Amino acid sequence: MIKNYFKVALRNLIRHKSFSLINIAGLAVGMALCLMILVYIRYELSYDRFHKDADDIYRVILENNFFEHSDSLFLNIAPLPLAEAMKEDFPEISAVAQFGDEGQSLIRYQDKALFDNRVFYVEPSFFDVFSFPFLAGNPEVLEKPYRAVITRKTAQKIFGDDNPIGKSVRYGSVFDLEISGILDDIPINSHMNFDFLVSMETRRDYWHENVTGGGMISLRGVGDWGILSGKTYFKLRKDCDFNAFEKKFQSWIDGKYTEVKFMKFILQPMTDIHLQGRGGFELENNSDLRYVIFVSVMALLILVISIFNYMNLSTARSTSRMKEVGVRKILGAKRFGLIRQFLGESIFLTLFTLLLSVALVELGLPYFNDLVGIELDFNPLADVYQMSVLIGLALVVGLLAGVYPALFISSYKALDIMSGNPVGVNRKPSFFRNGLVLSQNVIAIGLIICTAVVYQQLTFIGGKDKGYETKNIIAVPARGFRMSKDLSSFTEKLLNHPGILDITRSLTYPFEEGGGATHIWYEGMNASDPTPFFVWTKVDYNFLDFYNIELLEGRNFSRDFPSDSKNAYLLNEAALKALGWETAVGKNFGICERDKGKVIGVIKDFHFNSLHESVQPLAVKLSSNELYSMSIKVEPDNLSNTLEYIRNTWKECSVVPFNYFMFEDRIAEMYRSEQNLKTIFTYTTIIALFLACLGLLGLASYTAERRTREIGIRKVFGATVTSLSLMLSRQYTKWVLLANMVAWPLAYYGMNRWLETYSYRIQLSWYIFVLSGAVALLIAVLTVAFQSIKSALTNPVEVLRHE
Amino acid sequence: MIQLRNITRYYASGSLNTYVLRRINLDIREGEFVCVMGPSGAGKSTLLNIIGMLDDASEGEYHFLDYNVHNLKEKQRSQLYKEYIGFVFQSYHLIDELTVYENLETPLLYKKVKSSQRKSMVCDTLDRFQIVGKKDLFPSQLSGGQQQLVGIARAIIAEPKLILADEPTGNLHSEEGKKIMELFTRLNEEGVTIIQATHSEQNASYSKRIIYLKDGWLVDNL
């Protein structure tokens, strides 16, 4: 019997080729997209899971509640003595890792000099918390000063095929490091990435010898809880309950840390960091849980559309199998048998479709990876999870898609079916089908609107005036000059080139956070008052002009005031607000007590961190040292020429290789998850629209087929092609119009809620809604019109003769 | 074999009932070859459908063999006709997606006949109807007469006691129709009871007994 069913199913598919193709292709595309998004979601959720006992690893972060009226600010830093104290006071903790992120650093080996080395200072206990397997060496090598462990990739980059163990490299121009171990490469789904792990002993030893540099945090003694430095991660024992521990920790830290009242230290599970870690001093630009939820909803909607499509088309087609059902009933089929037959057919078909969609995913994933900029793996055969998701998906889709046609078609009496065209046989499913068409279009239109809004908002954020110039700027990290005169000759030579307009240097680029200051000093402060958290940086004279940062009050740094180079500050608006000052010019201020000076001007807030967060207080100092970040403003024409000139000039002046990036690219990188979301949204919407159109097309061709006789008769009695096409098209465009009415308020509500989560947002405009509806309608009309005109053109004689 | 007592069938249309059959009394014995005749709309098909248990009478009693059909539930009725009755239709009603062989096999599948037995039954029938050469063709590849041949073969494959044929030659030209009628005669001689509804005097001449219907009334019973 199953063979019998199988044969009928297969031959039916082949007989209605185009119909089957539409049906299967639609479902395959929907399932493929859904699968891809599932793989993506799984990737996002897999972050940091590769560590052993990943669920037991936490970190301590700082919660800054200084601004009472805005959200609290989270910073991934902790007091220096915290790690030691936690280890001593909590038996629940099995290991603590405290480490410092030095950022990109210059490493030289023989005649090679490489900038892009991310350096962490770590203790050997780093490896008690994290699982980064050693290929050579072991954690103990990091007990000694001037030792480093590198990743395999870094080893390859610096040493090629040579064995790096025991070799020495020069760190900056400061000291030599002996390579003592090699780690396997860091998995891509890690929230921390580094190339060099340098032993913490190195830092202690070097600081002990040379108490300079490193910012002001190094100026105070070890053991001071006021020094916020480094990251503190720890691992809890397996048998320890986190909630109880958290309570204990809270009361413990309240007793320990009394320095600043509005600062709190809180615990965060490591596996939450990638999706929920938002704040300052993060190790990487993290993703956002909201985006993952967003994308999941999209996947679900696409799946719903394609299932509806499939149901709709199957139901439509099942009426053409009425005769078969009637015959089967007369030959003795029971209702249950028919239900089983049609359900089985549906499930068989979805399993087949699943194979297709797996093939589609295999084909499409590289493009998806390119789009999103990550490396996703899809290997269902090797992965039980993916395999079971797949099969589960096919079964659910098959059941959902098959259950209505099966129930509906088996419910008729044999006689009703056999006697031709009885009441109800054709009427009943159209209500259901129209409902499906309606909801499909609601989803499609809703998605168009959402995409438009998301697109606008994200473009707005991406293109929002960040408060500084971003265009036509080449950034050149300016390290590696032997003498300062080399640097000035480099600058001079560059300015001689007609394509180069201006050059400035600063400690950090405007999109970077500079140093953090927890103990600022200002006029009229009360020693017992808490001081707000400040970010500070150092710049050149022309920094404001170069980046077009607006001066609101006072004056810029100037060579006419020699004292500017010593103790003058520019503050931003947020700083004034934090200090409660109406005006600032002339007031005394310092980023610490030793660094007292006068405020000479107030600048407009610019976004040195991403637009997700509001602008923090900033203090800007003039300096001629440590201005490692060079920015070169160029003419947009002939960029490659200019770049070549800069490169050649660099070679003349510097001993290290040339290194640069386009300022705008780096900013785009900061908004990558927004960019990803935009991309995913756009493509999903196109596919949703495509699926909805397929559904309409299938239905239209089906109706046209069903109505050929009616069309023939109408033509005989004088209907024109135009009136017939209109009649056939109207049937579906009507539902699209109605779908607009439903989709608009839903989308309006949803998008409003979403926009509220941004501190900087667009206004919803009515034309997006109208335009989206019009687009959907136009596409629907085009889809249906083709089929309608085709059937309106058929010769009535042919149709009626057949009857 | 069949006793109809005061069988009446009407459809409610608005407040009026439209009568299709009116107080039909009819007895048919096993082995008869009965022809139901009458103009369009006389109620021939409805009578056949009621006898075939595809339709219910509005009033009256229907006894089939030892069963009181008018008291049976739908499920029992379907069990009954599956067991004893074969249907032949004017438009053949073969399953388009199945070959001749598979069409013949389908009723046996529903009767849960074992595979080996099924095979021999289908082969016997193909042989008997001389359509062995056509067994792998699909209905659309056959002429109307051939399709009806398959339709009849399918009706008798499960060895029913009664064959109900509603205008079996209505879509065929006269030569094909003649062959089908000769086939019915042969089947009847082998012991199968046959009731056919037809317009054609010529077809009627093959049967042993003719019943005339007009406007739902049984007007003549020869």
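In the condition set (1) touching a strand residue (DSSP E or B) at 6+ places or on another chain (Cβ under 8 Å); (2) facing chain A (nearest Cβ under 8 Å), B:Lys82 is compliant with all but (1). Taking the criterion of being in a helix (DSSP H, G or I) and closer than 30 Å to A:Gly364 by Cβ, would at least one residue in segment A:654-664 satisfy it? Yes, some residue in segment A:654-664 is in a helix (DSSP H, G or I) and closer than 30 Å to A:Gly364 by Cβ. In this structure, does A:Ile374 turn out to be surrounded by 15 or more Cβ atoms within 10 Å (Cβ to Cβ) and modelled with pLDDT of 85 or more? So A:Ile374 does not fit the description; no.
For segment A:305-321, enumerate the residues that are within 11 Å of another protein chain (Cβ to nearest Cβ) and not basic (Lys, Arg).
Filtering segment A:305-321 for residues within 11 Å of another protein chain (Cβ to nearest Cβ) gives A:320-321.
Within segment A:305-321, just A:Ser320 meets the criteria.
Quick grid of which residues meet (1) surrounded by 24 or more Cβ atoms within 10 Å (Cβ to Cβ); (2) β-branched (Val, Ile, Thr); (3) over 28 Å from the mean Cα position of the chain (by Cα):
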| site | (1), (2), (3) |
| --- | --- |
| A:Arg317 | no, no, yes |
| A:Gly337 | no, no, yes |
| A:Phe342 | yes, no, yes |
| A:Leu351 | no, no, yes |
| A:Leu355 | no, no, yes |
| A:Leu363 | no, no, no |
| A:Pro366 | no, no, no |
| A:Asn369 | no, no, no |
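Every test in (1) small (Gly, Ala, Ser); (2) buried (at least 16 other Cβ atoms within 10 Å of the Cβ); (3) part of a loop (DSSP other than H, G, I, E, B); (4) within 14 Å of chain A (Cβ to nearest Cβ) is passed by B:Ala42 save one, and that test is (4). Is there a residue in segment A:99-118 that is loosely packed, with under 15 Cβ neighbours inside 10 Å, in contact with a helix residue (DSSP H, G or I) (Cβ under 9 Å, 6 or more places away or on another chain), away from chain B (no Cβ under 14 Å) and assigned to a helix (DSSP H, G or I)? No; the residues of segment A:99-118 include none that is loosely packed, with under 15 Cβ neighbours inside 10 Å, in contact with a helix residue (DSSP H, G or I) (Cβ under 9 Å, 6 or more places away or on another chain), away from chain B (no Cβ under 14 Å) and assigned to a helix (DSSP H, G or I). What helices (runs of 4 or more DSSP H) completely inside segment A:276-383 contain at least 1 residues that are hydroxyl-bearing (Ser, Thr, Tyr)? Passing ranges, in order: A:289-318, A:335-372. Out of the residues in segment B:50-68 meeting the condition of being buried (at least 22 other Cβ atoms within 10 Å of the Cβ) and either without any contact (Cβ under 8 Å) to a residue 24 or more places away in the chain or in a helix (DSSP H, G or I) (or both), tell me which one is nearest to the other protein chains (Cβ to nearest Cβ). Here the answer is B:Ile50. Checked against the criterion of being at pLDDT 90 or above, within 9 Å of chain A (Cβ to nearest Cβ) and assigned to a loop (DSSP other than H, G, I, E, B), segment B:97-119 contains one or more residues that satisfy it. The set of residues in segment B:69-79 that are more than 10 Å from chain A (Cβ to nearest Cβ) and assigned to a helix (DSSP H, G or I) comprises B:Val69, B:His70, B:Asn71, B:Gln76, B:Arg77.
Here A:Thr783 fits the description: surrounded by 14 or more Cβ atoms within 10 Å (Cβ to Cβ), in contact with a Cys (Cβ under 7 Å, 6 or more places away or on another chain), in contact (Cβ under 8 Å) with a residue 12 or more places away in the chain and more than 24 Å from A:Glu674 (Cα to Cα). Scanning segment A:397-418 for residues that are away from every other protein chain (no Cβ under 14 Å) and at pLDDT below 80 yields A:Ala401, A:Tyr404, A:Pro405, A:Phe408, A:Ile409. From the residues in segment A:475-500 that are under 22 Å from A:Leu622 (Cα atoms) and surrounded by fewer than 17 Cβ atoms within 10 Å (Cβ to Cβ), which one is nearest to the chain's Cα centre (by Cα)? The residue in question is A:Leu495.
Here A:Ile41, A:Ile77 are screened, and the one residue that is more than 14 Å from every other protein chain (Cβ to nearest Cβ), out of contact with any Gly (no Cβ under 6 Å at 6 or more places or on another chain) and crowded, with 21+ Cβ neighbours inside 10 Å is A:Ile77.
Would you check if A:Lys493 is closer than 28 Å to A:Asn609 by Cα and either part of a loop (DSSP other than H, G, I, E, B) or at pLDDT 80 or above (or both)?
Values: closer than 28 Å to A:Asn609 by Cα: no; either part of a loop (DSSP other than H, G, I, E, B) or at pLDDT 80 or above (or both): yes.
For A:Lys493, the condition - closer than 28 Å to A:Asn609 by Cα and either part of a loop (DSSP other than H, G, I, E, B) or at pLDDT 80 or above (or both) - is not met.
Enumerate the strands (runs of 3 or more DSSP E) found wholly within segment A:140-201, keeping only those where 2 or more residues are small (Gly, Ala, Ser) and buried (at least 16 other Cβ atoms within 10 Å of the Cβ).
A:175-183
When restricted to residues that are at pLDDT 90 or above and within 39 Å of the chain's Cα centre (by Cα), segment A:590-604 contains 4. For first residues located in segment A:5-21 and at the interface with another protein chain (Cβ under 10 Å from one of its Cβ atoms) and under 12 Å from B:Phe138 (Cβ atoms), partners that are assigned to a loop (DSSP other than H, G, I, E, B) and not charged (D, E, K, R) and lie 6+ apart or on another chain with Cβ distances below 7 Å form the pairs A:Lys7/B:Leu98; A:Val8/B:Ile95; A:Val8/B:Leu98. Which members of segment B:86-96 meet the condition of being within 9 Å of chain A (Cβ to nearest Cβ) and buried (at least 19 other Cβ atoms within 10 Å of the Cβ)? The answer is B:Phe87, B:Phe89, B:His93, B:Leu94, B:Ile95.
Whether any residue in segment B:174-192 is over 12 Å from the mean Cα position of the chain (by Cα) and within 20 Å of B:Leu108 (Cβ to Cβ) is what I want to check. Please lay out each step first, then the result.
We begin by selecting, within segment B:174-192, every residue over 12 Å from the mean Cα position of the chain (by Cα); these are B:174-183, B:185-191.
After this cut, where a residue has to be within 20 Å of B:Leu108 (Cβ to Cβ) as well, the list is B:187, B:190.
Taking every residue of segment B:174-192 in turn, at least one turns out to be over 12 Å from the mean Cα position of the chain (by Cα) and within 20 Å of B:Leu108 (Cβ to Cβ).
Kindly check whether there is at least one residue in segment B:171-185 that is within 14 Å of another protein chain (Cβ to nearest Cβ), in contact with a helix residue (DSSP H, G or I) (Cβ under 9 Å, 6 or more places away or on another chain) and under 27 Å from A:Val8 (Cβ atoms). Yes; the residues of segment B:171-185 include at least one that is within 14 Å of another protein chain (Cβ to nearest Cβ), in contact with a helix residue (DSSP H, G or I) (Cβ under 9 Å, 6 or more places away or on another chain) and under 27 Å from A:Val8 (Cβ atoms). One residue is enough: does segment B:147-162 have a residue meeting the conditions assigned to a strand (DSSP E or B) and either more than 13 Å from every other protein chain (Cβ to nearest Cβ) or closer than 26 Å to B:Val34 by Cα (or both)? Yes, that holds for at least one residue.
Checking the conditions here, which among A:Asn567, A:Asn556, A:Asn542, A:Asn548 is modelled with pLDDT under 85 and not acidic (Asp, Glu)? Explain how you work it out, then say what you get.
On the way: A:Asn556 fails: modelled with pLDDT under 85; A:Asn542 fails: modelled with pLDDT under 85; A:Asn548 fails: modelled with pLDDT under 85.
The conditions single out A:Asn567.
The values are calculated or read from the model by the stated rules, or taken from the named source; none is laboratory data. As the structure is a computational prediction, the values presented were derived from the model and not from experiment. Don't worry about glycine lacking a Cβ; one is built from the backbone with ideal geometry, like all the others, and counts go over all protein chains shown.
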